[in-house]
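What follows is a short report on a single structure.
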Amino acid sequence: MKLAKLPERTPVKMNIVLAPSLAKRLREYADFYAETYGSREEVAELIPFMLDAFLDGDADFRKNRKVTRDEPKASSS
């Protein structure tokens, strides 16, 4: 079969506590998003995409993940 098995797609709910200043900045970012794209999204809807973009943009993190994935697995004896 040409198509690989699909990855896990069940959302994982996480609760976090934010400093008031960060919560304010996230609301401001949501306002900026609405001004830019003409549609309002809740902060909670934006955060997963913001985190994904942040992780994708971190070159050191990407490099570390590649090294970790390329390391041979230890055999269990």
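The values are calculated or read from the model by the stated rules, or taken from the named source; none is laboratory data. As the structure is a prediction and not an experimental result, all values here were calculated from the model. Cβ coordinates were reconstructed from backbone atoms using ideal geometry, including for glycine residues, and neighbour counts include every protein chain displayed.
Of the residues making up the stretch 6-16, those that are under 17 Å from E42 (Cα atoms) and of a type in the set (A, V, I, L, M) are M14, I16. I'm checking my understanding of the structure. Among residues of the stretch 32-45 that are of a type in the set (D, E, K, R) and surrounded by fewer than 11 Cβ atoms within 10 Å (Cβ to Cβ), which one is farthest from the chain's Cα centre (by Cα)? Selected residue: E35. Residues in the stretch 51-61 that are loosely packed, with under 10 Cβ neighbours inside 10 Å and either closer than 15 Å to I16 by Cα or not small (G, A, S) (or both): D60 only. Flag: Y29 does not match the condition of being free of Cβ contacts under 8 Å to residues at least 24 places away in the same chain, of a type outside the set (D, E, K, R), touching a Ser or Thr at 6+ places or on another chain (Cβ under 9 Å) and surrounded by 10 or more Cβ atoms within 10 Å (Cβ to Cβ). The single residue among N15, N64 that is under 20 Å from the mean Cα position of the chain (by Cα), free of Cβ contacts under 8 Å to residues at least 60 places away in the same chain and surrounded by fewer than 10 Cβ atoms within 10 Å (Cβ to Cβ) turns out to be N15. Out of P20, P48, P7, one residue alone is loosely packed, with under 10 Cβ neighbours inside 10 Å and at pLDDT 90 or above. It is P20.
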